[in-house]
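Asks: First the structure, which I've put down as structure tokens, then a few questions once you've had a look.
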Amino acid sequence: MRRLKVILPVVTVAAGLWAQTANKPLTNGDIESMLVAGVPESTIVMKIQAAVFGGFAALDASSTAVIALKQKGAPEAVLDAVVWAEPFDVRTKQQQEVDRAAPGLPSSAGVYYREPSGWARLRSFLVWPPWYSDWDASFRRSRETDVPVSGSRADLQIHDRQPAFYLREPASNGWQIIQFALHADRRFLRFVSNGEFAASDRFVASDARKVQITRLASEVFKLQPVAPLEPGEYALCSAMPGGPNARVCYGFGVQR
């Protein structure tokens with residue numbers, strides 16, 4: 001019971017400091033003002049902790065800033081708290097950037113589209129163009145290959161002819177929008193090879209659509225086709241790092 005009596009006042013004070021902090025980010029200037037006013041060391045440390053937990057810390061832990069706090073009389077515990085808090089401040093700012101650019105965007109890596117009902121995550125699939133075992137220098141020639149993809153249509157069907165997709169933590173920036181070829185209710189991605197050994201296969205040029213990629217925040221990008229898409233089935237694709245000819249793709253359909 002004694003320990004509980006000690007802990008409860010601390011929690012109560014921290015909650016109060018958190019509420020005070022919520023209206024205004026805590027800066028080095030605020031800490032300097034508290035030092036000049038003679039606020040106890042433990043209270044300043046709790047103020048820093050409350051700001052971090054509330055997502056309102058805006059502290060500078062650079063060498064110059066720490067020296068300035070030291071010259072204002074900051075004790076070791078306060079300096080340590082500022083250094084401890086700075087990485088949380090960076091993550092908070094990054095999340096605030098995302099919230100401004102794409103409110104509510106899920107925190108897990110992936111490709112998303114904002115529907116009227118909320119965020120939809122696109123399902124991914126992997127594509128490998130076939131490797132020809134009969135390659136021979138005397139038979140170098142261009143080949144076109146249709147790679148089938150399961151299903152006749154993607155789960156995500158949209159009416160926006162120029163949709164915006166949001167990429168969180170993409171493994172690559174080399175993204176393309178590719179239109180599927182449709183045969184007998186099946187979807188195919190068409191590749192062309194120049195016949196050179198170990199050369200990377202490419203999507204058929206007429207199937208590719210130009211895209212614009214905009215960085216919105218740290219590890220968050222918006223991807224949008226430059227021109228409106230015709231109705232049909234499409235894949236948003238990117239090369240896989242370290243995977244020769246392998247692509248990770250996300251399917252979607254554009255309705256009339």
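Asks: Going through the stretch 78-90 one residue at a time, which ones are modelled with pLDDT of 75 or more and among the acidic types (Asp, Glu)? Show your work before the answer.
Replies: Here is the first cut: in the stretch 78-90, the residues modelled with pLDDT of 75 or more are 78-88.
Passing the criteria: ASP80, GLU86.
Asks: Residues of the stretch 125-142 being surrounded by fewer than 14 Cβ atoms within 10 Å (Cβ to Cβ) and at pLDDT 60 or above, which ones?
Replies: Selection gives LEU126, PRO130, TRP131, ARG141, SER142.
Asks: Inside the stretch 16-41, can you point out the residues that are modelled with pLDDT of 90 or more, in a helix (DSSP H, G or I) and of a type in the set (Val, Ile, Thr)?
Replies: ILE31, VAL36
Asks: Next question. Pull out all pairs, ordered by first then second residue, where Cβ-Cβ is under 6 Å, the residues are six or more apart or on different chains, the first lies in the stretch 91-117 and is under 23 Å from GLY251 (Cβ atoms) and modelled with pLDDT of 80 or more, and the second is outside any helix (DSSP H, G or I) and acidic (Asp, Glu).
Replies: ALA109/GLU169
Asks: Within the stretch 74-93, can one find any residue that is more than 20 Å from the chain's Cα centre (by Cα), of a type outside the set (S, T, N, Q) and closer than 24 Å to ILE177 by Cβ? Spell out the reasoning first.
Replies: Let us first name the residues in the stretch 74-93 that are more than 20 Å from the chain's Cα centre (by Cα), namely 74-86.
This time we only want the ones that are of a type outside the set (S, T, N, Q), so: 74-86.
Subset that is closer than 24 Å to ILE177 by Cβ: none.
There is no residue in the stretch 74-93 that is more than 20 Å from the chain's Cα centre (by Cα), of a type outside the set (S, T, N, Q) and closer than 24 Å to ILE177 by Cβ.
Asks: Which of the residues spanning the stretch 233-242 are in contact (Cβ under 8 Å) with a residue 12 or more places away in the chain and exposed (fewer than 15 other Cβ atoms within 10 Å of the Cβ)? I'd like the intermediate steps shown before the answer.
Replies: To start, the set of residues in the stretch 233-242 that are in contact (Cβ under 8 Å) with a residue 12 or more places away in the chain comprises 233-241.
PRO241, the sole residue that qualifies.
Asks: Out of all the residues in the stretch 217-248, which are more than 16 Å from the chain's Cα centre (by Cα), at pLDDT below 95 and in a strand (DSSP E or B)?
Replies: CYS237, ALA239, ARG247, VAL248
Asks: Additional query: Quick one: how many residues across the stretch 51-73 are assigned to a helix (DSSP H, G or I) and either over 12 Å from PRO25 (Cβ atoms) or hydroxyl-bearing (Ser, Thr, Tyr) (or both)? Break it down into steps so the answer makes sense when it comes.
Replies: Quick first cut of the stretch 51-73, residues assigned to a helix (DSSP H, G or I) only: 51-54, 63-71.
From what is left, the residues that are either over 12 Å from PRO25 (Cβ atoms) or hydroxyl-bearing (Ser, Thr, Tyr) (or both) are 53, 63-71.
Residues that pass the stated criteria total 10.
Asks: Within the stretch 183-201, is even one residue within 30 Å of GLN96 (Cβ to Cβ), of a type outside the set (S, T, N, Q), at pLDDT 85 or above and surrounded by 19 or more Cβ atoms within 10 Å (Cβ to Cβ)?
Replies: Of the stretch 183-201, the ones within 30 Å of GLN96 (Cβ to Cβ) are none.
The answer is no; no qualifying residue exists.
The values are calculated or read from the model by the stated rules, or taken from the named source; none is laboratory data. The structure presented is a predicted model; accordingly, all values stated were derived computationally and were not measured. Virtual Cβ from ideal backbone geometry, glycine too; neighbours counted across all protein chains shown.
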